[in-house]
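Read the structure below first, then the notes.
Any read-out appearing in this document is the output of simple, stated calculations on the displayed coordinates, not a laboratory observation. Remember, predicted model here, so these are calculated numbers, not experimental data. Positions of Cβ are generated from backbone atoms using ideal geometry, with glycine treated the same way; all protein chains shown enter the neighbour counts.
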Amino acid sequence: MVFLSCLPALAASALVCGSATEVLGRESGAVQGVVADVKIGRLEELVDNPQADRELADLLLVTYNERRRAEGIRNPPEQLAVTARITKALAGFSERHPKTKAALLAKYLIGEIVSQGLFGHSRDLCRACFQDLVVNYPKTKEATLAQLTLMRLSVEAMEVELGGRNGEDGTLREKLRQSGLRLREALKVALPVAEQVDRDPSPLMVAFRRAALLTPAPQFVAGFKLDIAVFSERLGERDVARKLYEEITHDYPRTAYAQSAKNRLQSMKIEDELEKQGEHVIEVW
């Protein structure tokens, strides 16, 4: 059984050894090295390994707890140190079991965690990781999930760029709209993969769902549907979005997905009322 507590306590030592800037630089470099060094076997070499599955399942349970704890940390260096510990642990697992299917799952999760990091160049790092998955491990669930994250990062980057131009670049707005449409369709196509991941009852996949989605009752399908609804709303297809939000509240009651959908339905109702009163509050791509 592998525990992150067995690894160096980076958070504590980092805050004692240097300034916040020094710590961020050091931990960013550490994570960058981890992502660059994750090497696993070729697709045709990867095999099922029950022992590796059990080891990774144990590690992912701890990863879930560590990531949840990091959500409550307001100190960036300390939060980054937690990320560094997690990625190092997952990379260490991949080094011990490079020719297992579990190593491919660990590689994907490293990229996903890094994509949400606070350190510089985090998105470039995860892009390299995910592009490797898409190119060299095609038709796997990891490649499908990686492709979706790559598309999402591209949309988010365009949103930021458009916001920096006060939304006045018509060409960029149309590019964003087309990218949003492609991502929404890709999410729809990937729903069967999400269903496969959700239905897998193995301890490894149960632990993976929790570690990846950070919720006690994780559902990839519900998350995909919520994203489809959000993108439909941003694309101006409010009736489509409203129907999806209602389905999510009905199909996934008492979950974070249902609460998010309920919040959006309430916001849409308020926005519709304001629009009737002549206030322009609905922004679309």
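Between Val284 and Ala217, the contour length at 0.36 nm per residue exceeds the Cα-Cα span by 21.0 nm. Annotation: extensible slack from Val206 through Asn75 equals 44.1 nm (criterion: 0.36 nm per residue apart, minus Cα-Cα distance). Here each label is just a point 7 Å from Cα along the line to Cβ, and for Leu172 and Asn49 those points are 4.6 nm apart.
Loop-resident trypsin sites (Lys or Arg not before Pro) (DSSP state other than H, G, I, E or B) in the range 205-260 with no more than 11 further Cβ atoms inside 10 Å of their Cβ: Arg254.
For the listed residue pairs Lys141/Lys269; Lys88/Lys262; Lys107/Lys139; Lys101/Lys243; Lys188/Lys262; Lys39/Lys175, the alpha carbons are over 27 angstrom apart in Lys141/Lys269; Lys88/Lys262; Lys101/Lys243; Lys39/Lys175. The loop-placed trypsin sites (Lys or Arg not before Pro) in the range 112-207, going by DSSP, that have at most 14 neighbouring Cβ atoms within 10 Å of their Cβ come out as Lys139, Arg165. For Thr100, the residues whose amide H sits under 5 Å from its own are Gly41, Val47, ignoring neighbours fewer than 5 places away on the same chain, with H placed 1.01 Å from N.
Take the Cα of Arg68, step 7 Å toward its Cβ, do the same at Asn263, and the gap between the two points is 1.8 nm.
Near Ile86: Cβ cut-off under 9 Å, other residues only, Lys/Arg at +1 and Asp/Glu at -1. The net charge is +2.
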